[in-house]
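Trainee: Pasting a structure here, questions to come.
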Amino acid sequence: MKTINIYALTRSMTATELTRLERQMSGRPHFLKIKDWEISGLRALTDRLVESGADAGSLNFFYSYTIPKLGKEFDLLRISDDTIINIELKSKPVGNDRIKYQLALNRSYLATLNRSIRSYTYISSEDRLVRLSNSGNLLEESWDSLCRDLMMQTDCTEDNIDYFFKEENYLISPLTDPDRFLRGDYFLTSQQKDIKKQISGAIRKSDKALIQAFTGLPGTGKTLLLYDLAMEFTSGAGKVIVLHFGSFPDEMNKLDKRLKRIDFYPSNGMDTLPDLKQYDLILVDEGHRMGRNILQELMTYCRNANRNVIISYDHEAMICPGERPFDTGEDIDSASDIIKYRLTNRIRMNSELSSFICCMMRCTGNHRLRSYPSVSLCYAGNDEEAKTLLLSYGNRGYTYIADNSMATCREFDRVVMLMDETFRYDDDGFLRCSAEGEYRVRRLFHGLNRAKSSLAVIVVNNPEILDVLLTIAQGK
């Protein structure tokens, strides 16, 4: 996305002409649909800047920028090496509380850039300019102040704004970053917020207990959403338990010790439910791993004790059915008395890694990117060469995850995995493995999905697999 000059823009085109230009320049994201009131507001803003002595014709802004995957939008942004200026536009009168809330929220998103932030709102119908002070107060502001802030900025960024808003700065895992989670130093995507609103609303409106569940591929933010719901429901007098059916890393013990109002219960391998009488809400993490008998017992308890239940579980549709063991997720999918939601936006990793892994699992029918610069492929002729390559990647900060062991819930910046001669592609393009009973394709899939920014695959004595992966990596 590139900046635009709003002074030139609002004086050269009507809204209808801008819409026509947008159609002609499809694929140019800085040409957006601009409504008549937006044109009027932008024109009024630039008129006031000119009247106050600013060289409006030299001021470029990022207009209507939205942070990828988060859905957070800013009306106008200017970013220099030391300062960010954010101006929000309103056409009608807006209450001070709403203005203050929006500017404070914007500032929390912009704070990750480690620059001084100047936050303004302009209400064109009232010709009113306000600013959020550093102490969080809303102040009536002069145009001279805004002009001074704008003209003091030099060498402003003109394009590639996405570079400043990397997902890892906003999207965390409570297990990988328990300290940030406990501080509330995280954001939910618009999709997570929507599902959270639906779940909370259903509980408030219902006169009986409900079982609700949400699913999605690895990396869609299920654990963060579940734990955020736990925090919300314990803000009152209620007590919550989280039954965790995956591995129970040290980070969960840390959360358990510091969050006294939430109990984290390691449930992997249990045959019956613990005593749940003291809990007002029961949450289940890694719900696809609990036994069928536990699910049935939980559903019965929900009805008899009138307790609400929220379940998070995995969705593995892109793995060949023959490579997936039957798990309780299929029972949850088919249960008519469970309200279900689906997360579809993969947020933990960048879209490049997500695309590559999808194409790995099925090499036909999936959309490929033109290139995968964050993916590294190499070949080892035998186990000794593979060990040497693993050592090299380890020295470069990669974490090795073996596909013959179940990946933990933790995430890593860089991941390296092996694919030996037992892997192949079937006639339908699905990745298969001849090592029976181990479900190594599934474990490979989950291991790869632990990577946040970089991925390496070492192919061992399997030239056919290497050929397919190289074809994917080249976007062919």
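The values are calculated or read from the model by the stated rules, or taken from the named source; none is laboratory data. Quick caveat, the model's predicted, so the values are computed rather than measured. Cβ: placed from backbone, ideal geometry, glycine included. Neighbour counts: every protein chain shown.
Trainee: Quick check, is TYR265 assigned to a loop (DSSP other than H, G, I, E, B) and either more than 14 Å from the chain's Cα centre (by Cα) or within 22 Å of LYS452 (Cβ to Cβ) (or both)? Steps first, please.
Mentor: Values: assigned to a loop (DSSP other than H, G, I, E, B): no; either more than 14 Å from the chain's Cα centre (by Cα) or within 22 Å of LYS452 (Cβ to Cβ) (or both): yes.
No; evaluated as a whole, the condition is false for this residue.
Trainee: Test of understanding: among THR328, THR388, THR344, THR364, which residue is in contact with a strand residue (DSSP E or B) (Cβ under 7 Å, 6 or more places away or on another chain), polar (S, T, N, Q) and either closer than 27 Å to GLU464 by Cβ or touching a residue at least 40 places away in the same chain (Cβ under 8 Å) (or both)?
Mentor: On the way: THR328 fails: in contact with a strand residue (DSSP E or B) (Cβ under 7 Å, 6 or more places away or on another chain); THR388 fails: in contact with a strand residue (DSSP E or B) (Cβ under 7 Å, 6 or more places away or on another chain); THR364 fails: in contact with a strand residue (DSSP E or B) (Cβ under 7 Å, 6 or more places away or on another chain).
Testing whether each residue is in contact with a strand residue (DSSP E or B) (Cβ under 7 Å, 6 or more places away or on another chain), polar (S, T, N, Q) and either closer than 27 Å to GLU464 by Cβ or touching a residue at least 40 places away in the same chain (Cβ under 8 Å) (or both) leaves just THR344.
One line per residue, one yes/no per condition, for (1) modelled with pLDDT of 95 or more; (2) more than 23 Å from THR388 (Cβ to Cβ); (3) assigned to a helix (DSSP H, G or I):
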site	(1), (2), (3)
MET417	yes, no, no
VAL459	yes, no, no
GLU464	yes, no, yes
LYS476	no, yes, no
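Trainee: Yes or no: SER206 at pLDDT 90 or above, over 27 Å from the mean Cα position of the chain (by Cα) and polar (S, T, N, Q)? Reasoning before the result, please.
Mentor: Details: at pLDDT 90 or above: yes; over 27 Å from the mean Cα position of the chain (by Cα): yes; polar (S, T, N, Q): yes.
When the stated conditions are applied, SER206 passes them.
Trainee: Hey, any hits in region 235-242 for a residue that's of a type in the set (Ser, Thr, Tyr) and surrounded by 15 or more Cβ atoms within 10 Å (Cβ to Cβ)?
Mentor: No - not one qualifying residue is present in region 235-242.
Trainee: Where residues in region 221-234 are touching a residue at least 60 places away in the same chain (Cβ under 8 Å) and out of contact with any Phe, Trp or Tyr (no Cβ under 9 Å at 6 or more places or on another chain), which of them is nearest to SER351 (Cα to Cα)?
Mentor: Taking region 221-234 as the starting set, the residues that turn out to be touching a residue at least 60 places away in the same chain (Cβ under 8 Å) are 221-223, 225-226, 229.
Filter once more, keeping what is out of contact with any Phe, Trp or Tyr (no Cβ under 9 Å at 6 or more places or on another chain): 221, 223, 229.
On the way: GLY221: 14, THR223: 19, LEU229: 26 Å.
Taking the candidates together, the pick is GLY221.
Trainee: While we're on this one: Filter region 68-92 down to residues that are in contact with a Cys (Cβ under 6 Å, 6 or more places away or on another chain), surrounded by 20 or more Cβ atoms within 10 Å (Cβ to Cβ) and among the polar types (S, T, N, Q), then give me how many there are.
Mentor: 0
Trainee: Considering each of LEU224, LEU283, LEU255 in turn, give the residue that is in contact with a helix residue (DSSP H, G or I) (Cβ under 8 Å, 6 or more places away or on another chain), more than 26 Å from SER354 (Cα to Cα), assigned by TED's automatic domain parsing to the domain that holds ILE311 and modelled with pLDDT of 90 or more.
Mentor: Numbers: LEU224 fails: more than 26 Å from SER354 (Cα to Cα); LEU255 fails: modelled with pLDDT of 90 or more.
The conditions single out LEU283.
Trainee: Any residue at all in region 201-210 that is farther than 29 Å from TYR301 by Cβ and touching a residue at least 12 places away in the same chain (Cβ under 8 Å)?
Mentor: From region 201-210, those farther than 29 Å from TYR301 by Cβ are none; that's our starting set.
No: region 201-210 contains no residue that is farther than 29 Å from TYR301 by Cβ and touching a residue at least 12 places away in the same chain (Cβ under 8 Å).
Trainee: A follow-up question, please. Report, by residue number, each residue of region 203-240 that is among the polar types (S, T, N, Q) and part of a loop (DSSP other than H, G, I, E, B). Steps first, please.
Mentor: If we filter region 203-240 for residues that are among the polar types (S, T, N, Q), which is where we start, we get 206, 212, 215, 220, 223, 234-235.
Residues satisfying the conditions are SER206, THR220, THR234, SER235.
Trainee: Filter region 304-325 for residues that are over 18 Å from PHE423 (Cβ atoms) and touching a strand residue (DSSP E or B) at 6+ places or on another chain (Cβ under 9 Å) and give the result.
Mentor: ARG307, ASN308, VAL309, ILE310, ILE311, SER312, TYR313, ASP314, HIS315
Trainee: Find the helices (runs of 4 or more DSSP H) located wholly in region 1-71 whose residues include 1 or more that are among the hydroxyl-bearing types (Ser, Thr, Tyr) and modelled with pLDDT of 85 or more, and list them.
Mentor: On the way: elements: 6-12, 15-24, 36-51.
Ranges flagged: 36-51.
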